[in-house]
2 protein chains.
Amino acid sequence: MATETGTTDPEAVPGVHVPSSGPMGFLSEVRLGRSHTCGELRTSDIGKTVRLCGWVQYVRKATSDLLFLGIRDKHGVTQAVYQVSDPSATPTSGTVTPEQFQGILRLAPESVLYVTGKVTRRPDFMVNKSMSTGEVEVTVNTAKVLNVARNLPFAPDDTRDLPKEEIRLKHRHVDLRRPSLQNNLALRSQICHTVRKFLIDDEKFMEVETPILFKSTPEGAREYLVPTRARNRFFALPQSPQQFKQLLMVGGVDKYFQIARCFRDEDARSDRQPEFTQIDLEMSFVTERHVMDLVERMVQRIWQTVRGVDILAAGPLPRITYQDAIAKYGSDKPDVRLGMEIHPLTAETDVAGTQHGPLLREYLIIPGRGQIKRRQLDQLKQAIQESQRNGESTANSVYLQEPEKLRCFSSYSLLDNQHDNATSVPLPDAIAHLEPGNIVVVSERRAREHPDFTTLGRVRLFAAQLLRSKDLLTIDESQFAFLWVHSFPLFTPELDKDDRVVRLASTHHPFTAPADTDLKHLHTHPEAVRAKHYDLVLNGMEIGGGSIRIHSPDLQRYIFEEILKLTPVERSRFDHLLEAFEHGCPPHGGIALGLDRLVSILCGTSSIRDVIAFPKSSSGHDLLMNSPSAATPEQLDTYHIHVADEE
Amino acid sequence: MATETGTTDPEAVPGVHVPSSGPMGFLSEVRLGRSHTCGELRTSDIGKTVRLCGWVQYVRKATSDLLFLGIRDKHGVTQAVYQVSDPSATPTSGTVTPEQFQGILRLAPESVLYVTGKVTRRPDFMVNKSMSTGEVEVTVNTAKVLNVARNLPFAPDDTRDLPKEEIRLKHRHVDLRRPSLQNNLALRSQICHTVRKFLIDDEKFMEVETPILFKSTPEGAREYLVPTRARNRFFALPQSPQQFKQLLMVGGVDKYFQIARCFRDEDARSDRQPEFTQIDLEMSFVTERHVMDLVERMVQRIWQTVRGVDILAAGPLPRITYQDAIAKYGSDKPDVRLGMEIHPLTAETDVAGTQHGPLLREYLIIPGRGQIKRRQLDQLKQAIQESQRNGESTANSVYLQEPEKLRCFSSYSLLDNQHDNATSVPLPDAIAHLEPGNIVVVSERRAREHPDFTTLGRVRLFAAQLLRSKDLLTIDESQFAFLWVHSFPLFTPELDKDDRVVRLASTHHPFTAPADTDLKHLHTHPEAVRAKHYDLVLNGMEIGGGSIRIHSPDLQRYIFEEILKLTPVERSRFDHLLEAFEHGCPPHGGIALGLDRLVSILCGTSSIRDVIAFPKSSSGHDLLMNSPSAATPEQLDTYHIHVADEE
């Protein structure tokens, strides 16, 4: 090594200094450097002299001069045997004084240790088969305390009861030591690396970083602003790299991807984060099928790597239209594992279309087999009412019928708040083969609406929960039900009471291309135009969505101006994009997959917070850093802003 | 494929629609899908029917019914031959009408095309050896215009003169089509992927994403703020993931890395970006040597992959102390390729230490061989004066001597503004072996200062430029002179006129650990304590810096309170970190490498803007998006802020 004649050659001082002298004194005399991790030693290592570093998992006093010490790192736990030296013993057993022994004995769990010693075989009665290192132990020669743990808020132990999430988020640095969180983060890293290897090495994509200091966009009502040192000039944080990736296509990048951080400032919801990560990709000169095929292969690779399962063993993933998904499952992200398809009461469709325009009447049979109790039936009714109050459906009536009680037949028209004392409605003739004890829910919905859930879609999910709780429905948790939903409506209409379109909004975003076959309706019936949009759905969750984009500046301008009716100010924020499209824009399309959700599914965690190293709380706070926090007057001055007075 | 019976099966409509009918009509009838890229066809493909997509590079009319068309994508250019159909010709030559022919002829460069045709051998006189596809051409069967280019601001052609950078940034989507920028972005992607493969696959690191919505820190005077919907509550954008990566070490992550976006709101400088990317890593239980060794192997892997060079062929990289770097090269990031070491005039050191405390007198010989002209000498003097005005050195005098004119010997004490008419000073005896025509610069500097450049360091760089312009110094541009600079001073003193320490600031950041051997001086002479900090320097540029961190809460608290003298408010922003250190913090250290600079060196570009897809301009603007921009009153209301009145 070409070391200069300096005074502090790093090679000459390899130790780590511990200024607060622990019971064992300073470490600077010894070389710091592990020979093994704490999960590595096996019987084949017996006889080796090893150096281990880690956290104190346990200290157990066996006799007055013998103790057992569990040393843990992310790889596992190794047992160390620590004994006061017997002058007559061999030198390898170290020179442990009674004072040092007492020091280790008093050591708090989660303190940090460095030990050297010899690997020995455990006595047979001490062998622990549940530990990977359970057949050996390390007879300690020297032990150095690197840091003493004080005031530990809780033990990071998956086998014990944990404090509530708020406490764990505040002390995330302790919680992260739990093996389950370590595994989640490792899996996340592995999934990202798998995606990169697939896209770069196999599919010749290029990863391109796009800016985080972005410009605010009209559709982004809830975008974080970033003040700059120019007065009244702001950046905004991007909700996705959508515009940049389209510009990359115009720039000839051909195949782009990015594992991209995105930001969305929306009302705190239990499982939403203000910042989240997407696997974002875009390709030039492709059709819907190219993108879907590529994504299937990518997801196949992930599942193969992480789960050892080939999700394409039975062929490509099922592809279903939005219309069919809503008709059969009442959802644009159906969980097909649940069965219980919705059926149309076609004969009545026209009859129902009176006051609120054309109505579709449909029904769902819940195979309750007589085991659904009155109380649960009431909960079901409440769920329906809630779904309607949330505006998730404007079905004008829902009938809940219990065929086993056909004699005291009852129906509920919930929208009219006519509950238990509603008029009886005869069970429609079309509903045949009803087994005794099953429940039928009949609902009507407005045909011209484009909901993401219908009332029967919600009822179906609620019913599935109910049936599972009663073992009437079994779902194989190791099963992954993927499907594509495509041909979404391009625009979502806002309807008035008479089913007239008041306004059209983009169902997904204004860059989505219309289906070729529907282009002829764009001028006359834009609400009937379907989009080249596709969602990837897994077990009832949307894990990705994308589309072929508009590449014609004329078509894009027409949609901005004539259909979405953007104001001139709103339109001006897309000027750069329209101009770019005029400089030679290739046809292109892509997708974005939500990484946090994807990883949480593969980790089997219920919350995405369990797959994020430092998540914000459900109310959007960083409890560890205590952020967001007040700014100083100097900072506010720098950015030419004042905080508004309290109202 | 399990296609449902939907109405718009994506499989059934694979075409891409072009709403503005180009000269060739719509594309929706044909299947869009390239068989080859535009850089792929060779003589082995002759006879194949191919489908190509790309941009019109050129249209050349050969005869009244024959034209040549260059079709370009990121992979290359392929020549297509387009001919009006002869009814007597074979069907493979297509059915091109004279109208279609005229349409293509009128087509603007950079329009987007889809062609099908047959690969044929070029006539010998048409073979173009400078094109990878130069031995073949494609006889067009069908051609479809996918988009017509309009009002192109400039041609994205590396072989032509380009407009000034401002224009190119405004139309980045055009500029990105230049092969040189495409190559830079591809190399950036490849470098990141190489780093990930090395760290994850070989070194068992975990990539962990840390938050971008962070908390403002006392040392971050110029951190971007992000207002939230809670009144007077702000996030801040991180200047680095420093705190989070240290918390990950406390959390047992062991080996962390991240290719991380960072933000710094500082005065616009020509080659600084408000957002930039770091290869950021941290390891537990390591010494300086472990980190430096790992980084050397990582950089070795990058250079091997990108350049095919083994930078460690001659052994580990040189390691030099800060003190030696400043003494020999006058810089903490020396470019050792330049030679011209600085030498001490030790005999005079003590003598000089009078008015401003101890002074070091040193000299530099510029081997000008009599070819440095008076005008250039004046420039050199100006450079010295500027360096002093910028406060880069407080050397109290600089003598510039031209030995070839020893008879009319002159000296300049620049700080005193006594220029040409200064008193003559005899050439110090210690400077021997001075060849005629060389120039000697003698300077004094304050011994207790910790500059990043001394005046002689600046002079050395300026002189090197001068010598290179006269072919008196040759630098092999393919040579990569790496070295480590270590043992930096832990604190940088602010000195008063009498060389007394007014205040100490952390030289790098307050988490850097002191050298073990210097710890004894911490209480008495903190300004003499060296740090476990190391910088990786390449060709005179700092490409990375890191350190072993403080892991003792007591030592960290002592430095915050007793040395840096943080106010209680400033300290309170580190409470979470100090608390975390008490919960069992391992010794740890790491480094961050500037990715943008690293890639620009490997791409051989002078500006980091050439290796960033969408850089901000040198004044910090996104000229493409026209950002930052004004916020709407609604947005300001949402975030409870007002824009301050103009002053």
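The values are calculated or read from the model by the stated rules, or taken from the named source; none is laboratory data. All values derive from a computational prediction rather than experimental measurement. Positions of Cβ are generated from backbone atoms using ideal geometry, with glycine treated the same way; all protein chains shown enter the neighbour counts. The area values use the complete protein model at the heavy-atom level, side chains included, leaving out ligands, DNA and RNA. Shrake-Rupley method; radii C 1.70, N 1.55, O 1.52, S 1.80 Å.
Conditions first: (1) crowded, with 22+ Cβ neighbours inside 10 Å; (2) charged (D, E, K, R); (3) more than 10 Å from chain B (Cβ to nearest Cβ). A:ARG571 passes all but one, so which condition is the exception? With respect to (1) crowded, with 22+ Cβ neighbours inside 10 Å; (2) charged (D, E, K, R); (3) more than 10 Å from chain B (Cβ to nearest Cβ), A:ARG571 is out only on (1). Scanning segment A:296-322 for residues that are crowded, with 20+ Cβ neighbours inside 10 Å and within 13 Å of chain B (Cβ to nearest Cβ) returns A:LEU317, A:ARG319, A:ILE320, A:THR321, A:TYR322.
Residues to consider are B:HIS588, B:HIS640, B:HIS621; find the one that is open to solvent by 10 Å² or more (accessible area, probe 1.4 Å) and in contact (Cβ under 8 Å) with a residue 60 or more places away in the chain. Don't jump to the end; show me each part of the working.
Values: B:HIS588 fails: open to solvent by 10 Å² or more (accessible area, probe 1.4 Å); B:HIS621 fails: in contact (Cβ under 8 Å) with a residue 60 or more places away in the chain.
Testing whether each residue is open to solvent by 10 Å² or more (accessible area, probe 1.4 Å) and in contact (Cβ under 8 Å) with a residue 60 or more places away in the chain leaves just B:HIS640.
Name the single residue that is farthest from the other protein chains (Cβ to nearest Cβ) among those in segment B:144-161 being free of Cβ contacts under 8 Å to residues at least 40 places away in the same chain and open to solvent by less than 60 Å² (accessible area, probe 1.4 Å). Among them, the one singled out is B:ASP157. Only one of the numbered conditions (1) open to solvent by 30 Å² or more (accessible area, probe 1.4 Å); (2) part of a helix (DSSP H, G or I); (3) at pLDDT below 90; (4) of a type outside the set (D, E, K, R) is not met by A:SER85, and that is (2).
Residues of segment A:164-185 that are surrounded by fewer than 22 Cβ atoms within 10 Å (Cβ to Cβ), touching a residue at least 24 places away in the same chain (Cβ under 8 Å) and not polar (S, T, N, Q): A:GLU165, A:GLU166, A:LEU169, A:LYS170, A:PRO179. Among the residues of segment A:165-187, those that are closer than 22 Å to B:PRO586 by Cβ and charged (D, E, K, R) comprise A:ARG168, A:LYS170, A:ARG172, A:ASP175, A:ARG177, A:ARG178.
One residue alone among A:ASP499, A:ASP518 is at pLDDT below 95, over 26 Å from the mean Cα position of the chain (by Cα) and closer than 11 Å to A:SER487 by Cα, and that residue is A:ASP518. Among the residues of segment B:596-618, those identified as open to solvent by less than 20 Å² (accessible area, probe 1.4 Å) and within 9 Å of chain A (Cβ to nearest Cβ) are B:ALA613, B:PHE614, B:PRO615, B:LYS616. Take the conditions (1) facing chain A (nearest Cβ under 7 Å); (2) over 21 Å from the mean Cα position of the chain (by Cα); (3) surrounded by 14 or more Cβ atoms within 10 Å (Cβ to Cβ); B:MET131 misses just one of them, which is (1).
Results for (1) under 28 Å from A:GLY39 (Cα atoms); (2) assigned to a helix (DSSP H, G or I); (3) facing chain A (nearest Cβ under 8 Å), shown as yes or no for each residue.
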{"site": "B:GLU209", "(1), (2), (3)": "yes, no, yes"}
{"site": "B:ILE212", "(1), (2), (3)": "no, no, yes"}
{"site": "B:PHE235", "(1), (2), (3)": "no, no, yes"}
{"site": "B:LYS245", "(1), (2), (3)": "yes, yes, no"}
{"site": "B:VAL253", "(1), (2), (3)": "yes, no, yes"}
{"site": "B:TYR256", "(1), (2), (3)": "yes, no, no"}
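Among the residues of segment A:106-127, those that are more than 14 Å from chain B (Cβ to nearest Cβ) and either open to solvent by 50 Å² or more (accessible area, probe 1.4 Å) or among the aliphatic types (A, V, I, L, M) (or both) comprise A:ARG106, A:LYS118, A:VAL119, A:ARG121, A:PRO123, A:ASP124, A:PHE125, A:MET126, A:VAL127. Right, A:HIS576: closer than 30 Å to A:ARG233 by Cα and either touching a strand residue (DSSP E or B) at 6+ places or on another chain (Cβ under 8 Å) or part of a helix (DSSP H, G or I) (or both) or not? For A:HIS576, the condition - closer than 30 Å to A:ARG233 by Cα and either touching a strand residue (DSSP E or B) at 6+ places or on another chain (Cβ under 8 Å) or part of a helix (DSSP H, G or I) (or both) - is met.
Return the residues of segment B:38-52 that are β-branched (Val, Ile, Thr) and surrounded by fewer than 17 Cβ atoms within 10 Å (Cβ to Cβ); say none if nothing qualifies.
Of the residues in segment B:38-52, the ones β-branched (Val, Ile, Thr) are B:43, B:46, B:49-50.
The answer is B:THR43, B:ILE46, B:THR49.
The listed residues are B:SER387, B:SER397, and the only one of them that is among the small types (Gly, Ala, Ser), within 13 Å of B:ALA463 (Cβ to Cβ), buried (at least 20 other Cβ atoms within 10 Å of the Cβ) and modelled with pLDDT of 50 or more turns out to be B:SER387. Return the total of residues in segment B:457-479 being open to solvent by 40 Å² or more (accessible area, probe 1.4 Å) and under 23 Å from the mean Cα position of the chain (by Cα). Adding up the residues that qualify gives 8. Of the set (1) closer than 30 Å to A:LYS170 by Cβ; (2) at the interface with chain A (Cβ under 10 Å from one of its Cβ atoms); (3) free of Cβ contacts under 8 Å to residues at least 40 places away in the same chain, all apply to B:ASN626 but (1).
Restricting segment B:507-550 to residues that are aliphatic (A, V, I, L, M) and part of a helix (DSSP H, G or I), the residue that is most open to solvent (accessible area, probe 1.4 Å) is B:ALA528.
Does A:ALA230 fit the bill of being modelled with pLDDT of 95 or more and either facing chain B (nearest Cβ under 9 Å) or surrounded by 21 or more Cβ atoms within 10 Å (Cβ to Cβ) (or both)? Break it down into steps so the answer makes sense when it comes.
On the way: modelled with pLDDT of 95 or more: no; either facing chain B (nearest Cβ under 9 Å) or surrounded by 21 or more Cβ atoms within 10 Å (Cβ to Cβ) (or both): yes.
It is false that A:ALA230 is modelled with pLDDT of 95 or more and either facing chain B (nearest Cβ under 9 Å) or surrounded by 21 or more Cβ atoms within 10 Å (Cβ to Cβ) (or both).
Please pick out the residue among B:VAL485, B:VAL502 that is outside any loop (DSSP other than H, G, I, E, B), open to solvent by less than 40 Å² (accessible area, probe 1.4 Å) and either free of Cβ contacts under 8 Å to residues at least 60 places away in the same chain or within 23 Å of B:GLU449 (Cβ to Cβ) (or both). Even if it seems obvious, please write down each step before you answer.
Details: B:VAL502 fails: open to solvent by less than 40 Å² (accessible area, probe 1.4 Å).
Being outside any loop (DSSP other than H, G, I, E, B), open to solvent by less than 40 Å² (accessible area, probe 1.4 Å) and either free of Cβ contacts under 8 Å to residues at least 60 places away in the same chain or within 23 Å of B:GLU449 (Cβ to Cβ) (or both) holds for just one of B:VAL485, B:VAL502, which is B:VAL485.
Assess whether A:LEU199 counts as being under 30 Å from B:ALA186 (Cβ atoms) and either under 24 Å from the mean Cα position of the chain (by Cα) or at the interface with chain B (Cβ under 8 Å from one of its Cβ atoms) (or both). Criteria met by A:LEU199.
Of all the numbered requirements in (1) assigned to a loop (DSSP other than H, G, I, E, B); (2) within 30 Å of A:LEU593 (Cβ to Cβ), A:LEU187 misses one, and that requirement is (1). Of B:ILE302, B:ILE311, B:ILE279, all but one fail to be closer than 28 Å to B:HIS551 by Cα and modelled with pLDDT of 95 or more; the exception is B:ILE279.
The selection criterion, being surrounded by fewer than 18 Cβ atoms within 10 Å (Cβ to Cβ) and outside any loop (DSSP other than H, G, I, E, B), does not hold for B:THR492. Given the criteria open to solvent by less than 40 Å² (accessible area, probe 1.4 Å), within 14 Å of chain A (Cβ to nearest Cβ) and in contact with an Asp or Glu (Cβ under 7 Å, 6 or more places away or on another chain), does B:PRO553 qualify? Taking the combined requirement at face value, the residue satisfies it. Here A:THR354 clears all of (1) of a type outside the set (D, E, K, R); (2) at pLDDT below 80; (3) at negative phi; (4) surrounded by 16 or more Cβ atoms within 10 Å (Cβ to Cβ) except the condition numbered (4).
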